[in-house]
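K.L.:
Next up is a structure, given as structure tokens.
The values are calculated or read from the model by the stated rules, or taken from the named source; none is laboratory data. Worth saying up front: this structure is predicted, and the values here are computed from it rather than measured. Methodologically, a virtual Cβ is constructed for each residue, glycine included, from the backbone with ideal geometry; neighbour enumeration extends over all protein chains shown. In case anyone asks, the SASA skips ligands and DNA or RNA and just uses the protein heavy atoms, side chains included. Shrake-Rupley method; radii C 1.70, N 1.55, O 1.52, S 1.80 Å.
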Amino acid sequence: MGQELSALQGEQGRLIQLLSESQANMARLVSSVSDVLDTLQKERGGARPRLKADLQRAPARGARPRGCSNGSRPRDCFDIYASGQQEDGIYSIFPTHDPTGFQVYCDMTTDGGGWTVSGAMSPHGDEGAVGWRRRSRHRDASWGRGDGAWLRLKRIHVLTIQGTYELRIDLEDFDNGTAFAHYGSFGVGLFSVDPEEDGYPVSIADYSGTAGDSFLKHNGMKFTTKDLDNDHSENNCASFYHGAWWYRNCHTSNLNGQYLKGHHSSYADGIEWSSWTGWQYSLKFTEMKIRPVREEN
Ligand SMILES: [Ca+2]
């Protein structure tokens, strides 16, 4: 315990030094670390591993106990798949850092199955988007809407800190064309002391697939919504492009843009994946899904 405390105190000192140029940030971060230290001191028992993980935030490779048979609580759809339930549908999962759990849609058929669908958020106020809404409602049943973006990010966060996760994005156009983009590693807020305060920055790497990469340029960016501008543009990219995303200045993809049904004359404000269909084609269907990277044994 003493060793851990002094390691934490060392970390606190390092943060102070790193942020000395920004007094506001420094104060906030130091108080955040201090809070964790206080809590740690108060609750030396039960909460310790979680708090330690929160501070260190090293994605723990190989930490997944095998097998989720009868009665044990699945941390994600892959646990459910591994326990023998291999039908697409809505399941309850219980991530390590959100033990009360929540429901998700599990894709048990695409590319080996075991995918936890983290969704593309529903288009904002697009009443005409019936087909998309019907399909996304099914999958997004429990992920919330509107402000649900932040709830969703929190859930993606608690999932992706459980290990190394891969990301697959499936796309469909209005001519029944399909494509996908795969990323070998993906997470949000992986290195944040307070991920929400930090804007759930995205970590993403290792593209492969058929849709081309339209996401790597967003690596490291915080999430921006219309009411919270975390991007590098002098404007708010979410307002400007009618979406919510890990915008830089501003985007190569905009999966929460407007449902504009294919070609549109406006610029980049639809559901765009630019490397596949450019900046003036709003896709019919998109789906983001994550799965823990299986160790090679
Ligand atoms: Ca901005």
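K.L.:
Starting from 0.36 nm per residue, how many nanometres of slack lie between L228 and Q85 once their C-alpha separation is accounted for?
P.N.:
Details: separation 143, 0.36 × 143 = 51.48 nm, distance 3.94 nm.
So the extension gain works out to 47.5 nm.
K.L.:
Filter the chymotrypsin sites (Phe, Trp or Tyr not before Pro) in the stretch 177-238 to those in DSSP coil with at most 15 other Cβ atoms within 10 Å of their Cβ, and list the result. Walk me through the numbers before you get to the answer.
P.N.:
Details: sites: F180, Y183, F186, F191, Y207, F215, F223; in loops: F191, F215, F223.
Passing sites in the stretch 177-238 are F191.
K.L.:
Please report the accessible area of I156 (heavy atoms, 1.4 Å probe, ligands and nucleic acids excluded) in Å², nearest 10.
P.N.:
10 Å²
K.L.:
In what order, largest first, do T109, T277, T224 sit by accessible area if the probe radius is 1.4 Å?
P.N.:
Values: T109 90, T277 40, T224 0 Å².
These residues rank, largest area first, as T109, T277, T224.
K.L.:
Here's a follow-up. Tell me the GluC sites (Glu not before Pro) within the stretch 224-297 that lie in a loop according to DSSP and have at most 14 other beta-carbon atoms within 10 Å. Don't skip to the end; give the middle numbers.
P.N.:
Details: sites: E234, E272, E287, E295, E296; in loops: E234, E295, E296.
Here the GluC sites (Glu not before Pro) that fit, given the DSSP loop and packing criteria, are E234, E295, E296.
K.L.:
Run the 1.4 Å probe and let me know the accessible area of R248, rounded to the nearest 10 Å².
P.N.:
90 Å²
K.L.:
In what sequence, largest accessible area first, do L190, L228 appear using a 1.4 Å probe?
P.N.:
Details: L190 20, L228 80 Å².
In descending accessible area the options line up as L228, L190.
K.L.:
To continue, here is another question. What is the local net charge at T277, summed over the other residues whose Cβ is closer than 13 Å to its Cβ (Lys, Arg +1; Asp, Glu -1)?
P.N.:
Working: positive: K261, K284; negative: E172, D173, D175, E272.
Net charge around T277: -2.
K.L.:
Could you rank T100, T210 by how accessible they are, 1.4 Å probe, largest area first? Display every interim value, and only then the final one.
P.N.:
On the way: T100 115, T210 85 Å².
Ranking T100, T210 by accessible area, largest first, yields T100, T210.
K.L.:
Taking θ as phi - 60°, what are the ³J(HN,Hα) couplings along the stretch 227-242 by the Karplus curve (6.51, -1.76, 1.60), each to the nearest whole Hz, with x for Gly and Pro?
P.N.:
Values, residue by residue: 9, 8, 8, 10, 8, 9, 7, 6, 8, 9, 4, 5, 5, 5, 10, 6 Hz.
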